[in-house]
Amino acid sequence: MRTKMHIMGFSATAVKPLNEGAAAELGAELLGEGIIFMTACSCLMLEYWRHQLQHRRKEKERRVAREELRGEVGHLGLALEELQAQVHAAPTQLALEELRAQLREVRAVLCLQDLPPASPAEPESEE
């Protein structure tokens, strides 16, 4: 009874002794409330532990996904650099091909100038 009075905020200086039935009922009620309180606390602790475990698992999955994305970004960066090098090399290849074509044309013109004029073929007959 003193404990109950103390919990409720009353001063428990003088408390009449309880009869045996009331004391048993009060003890049973106190024991029941204690069991309910302990069960509720256990459920809360279990839920908190489960939530923390789930949070750690999700965080690990995020970390793994982030690392995979970083690896993929690195791979894409290398591929981009390679493509940029090919793009920069392509104009020089194109220019080289154009120069080769022009050189062939110049050689062809020079070769035609060096050839002696063709001998006239048989005169055409007039009919």
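The values are calculated or read from the model by the stated rules, or taken from the named source; none is laboratory data. This structure is a prediction, so every number in the text was calculated from the model and none was measured. A quick note on method: Cβ atoms are made from the backbone with ideal geometry, for glycine too, and the neighbour counts reach across all protein chains shown. What goes into the accessible areas is simple: the full protein's heavy atoms, side chains included, and nothing from ligands, DNA or RNA. Shrake-Rupley method; radii C 1.70, N 1.55, O 1.52, S 1.80 Å.
Quick check on VAL64: is it free of Cβ contacts under 8 Å to residues at least 24 places away in the same chain and open to solvent by less than 90 Å² (accessible area, probe 1.4 Å)? Before the answer, list the steps.
Details: free of Cβ contacts under 8 Å to residues at least 24 places away in the same chain: yes; open to solvent by less than 90 Å² (accessible area, probe 1.4 Å): yes.
Spelling it out, VAL64 is indeed free of Cβ contacts under 8 Å to residues at least 24 places away in the same chain and open to solvent by less than 90 Å² (accessible area, probe 1.4 Å).
Condition check ((1) assigned to a helix (DSSP H, G or I); (2) of a type in the set (Phe, Trp, Tyr); (3) open to solvent by less than 100 Å² (accessible area, probe 1.4 Å); (4) out of contact with any helix residue (DSSP H, G or I) (no Cβ under 8 Å at 6 or more places or on another chain)) across all residues:
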{"residue": "GLY21", "(1), (2), (3), (4)": "yes, no, yes, yes"}
{"residue": "PHE37", "(1), (2), (3), (4)": "yes, yes, no, yes"}
{"residue": "SER42", "(1), (2), (3), (4)": "yes, no, yes, yes"}
{"residue": "HIS75", "(1), (2), (3), (4)": "yes, no, no, yes"}
{"residue": "ALA95", "(1), (2), (3), (4)": "yes, no, yes, yes"}
{"residue": "ARG104", "(1), (2), (3), (4)": "yes, no, no, yes"}
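Could you grab me the full set of residues in region 77-93 that are at pLDDT below 85, open to solvent by 90 Å² or more (accessible area, probe 1.4 Å) and among the aliphatic types (A, V, I, L, M)?
VAL87
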